[in-house]
1. Could you tell me whether region 130-141 includes any residue that is under 23 Å from residue 32 (Cβ atoms) and not in a helix (DSSP H, G or I)?
2. Considering only strands (runs of 3 or more DSSP E) fully contained in region 1-89, which possess at least 2 residues that are under 16 Å from the mean Cα position of the chain (by Cα) and more than 26 Å from residue 108 (Cα to Cα)?
3. Can you say whether residue 140 is surrounded by 10 or more Cβ atoms within 10 Å (Cβ to Cβ), closer than 27 Å to residue 43 by Cα and at pLDDT 95 or above, as far as the supplied structure shows?
4. Check off (1) over 30 Å from residue 139 (Cα atoms); (2) surrounded by 13 or more Cβ atoms within 10 Å (Cβ to Cβ); (3) at pLDDT 95 or above for residue 60 and give me the number that stays unchecked.
5. Restricting to region 98-115, and then to whatever is closer than 24 Å to residue 55 by Cβ and either touching a residue at least 60 places away in the same chain (Cβ under 8 Å) or loosely packed, with under 14 Cβ neighbours inside 10 Å (or both), can you tell me which residue is nearest to the chain's Cα centre (by Cα)?
6. Being free of Cβ contacts under 8 Å to residues at least 60 places away in the same chain, surrounded by 13 or more Cβ atoms within 10 Å (Cβ to Cβ) and either touching a strand residue (DSSP E or B) at 6+ places or on another chain (Cβ under 8 Å) or farther than 16 Å from residue 23 by Cα (or both) narrows it down to one of 95, 81, so name that one.
């Protein structure tokens, strides 16, 4: 995604969500998103949330670069790319992007990248902990994940006992 500061300087965002529970795992803000920046951010986020088995991306140059491919292989991550011009194949992130754009990017005028990052980070907390998601039976991503974890614990306990 992209937007611009009040000065007219364009910036980009890279957004990462978990397809299963719709949890926002990170939003990175910068003037450009070369593959080295992307993998550095992904490493940062994965140290907190764990490395995924699979990543779905669009066909941006940062994602088709050899650096990105090697990074994914090095972490045992399977890469899946959507077909060019078919954003619906990545529907969860597209929906997330639309919500993020409406709530943050289109609702504020920014003077610095730090301001965009701070508002984005604060918004992620609300998005994950408070905001109900229709696709999650009107639960927040965190509440959905907690309930699912408890269900799995019950199943595990029953099969062990």
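The values are calculated or read from the model by the stated rules, or taken from the named source; none is laboratory data. Because the structure is a prediction, the values reported are computed rather than measured. Every residue, glycine among them, receives a Cβ derived from its backbone with ideal geometry; neighbour counts consider all protein chains shown.
1. No, region 130-141 contains no residue that is under 23 Å from residue 32 (Cβ atoms) and not in a helix (DSSP H, G or I).
2. 54-57, 78-81
3. no
4. For residue 60, the failing item is (3).
5. Keep residues of region 98-115 that are closer than 24 Å to residue 55 by Cβ, which gives 98-101, 104-105.
Those left that are additionally either touching a residue at least 60 places away in the same chain (Cβ under 8 Å) or loosely packed, with under 14 Cβ neighbours inside 10 Å (or both): 98, 100-101, 105.
Details: 98: 13, 100: 11, 101: 13, 105: 16 Å.
Among residues in region 98-115 that are closer than 24 Å to residue 55 by Cβ and either touching a residue at least 60 places away in the same chain (Cβ under 8 Å) or loosely packed, with under 14 Cβ neighbours inside 10 Å (or both), the one nearest to the chain's Cα centre (by Cα) is 100.
6. Criteria check complete, one pass: 81.
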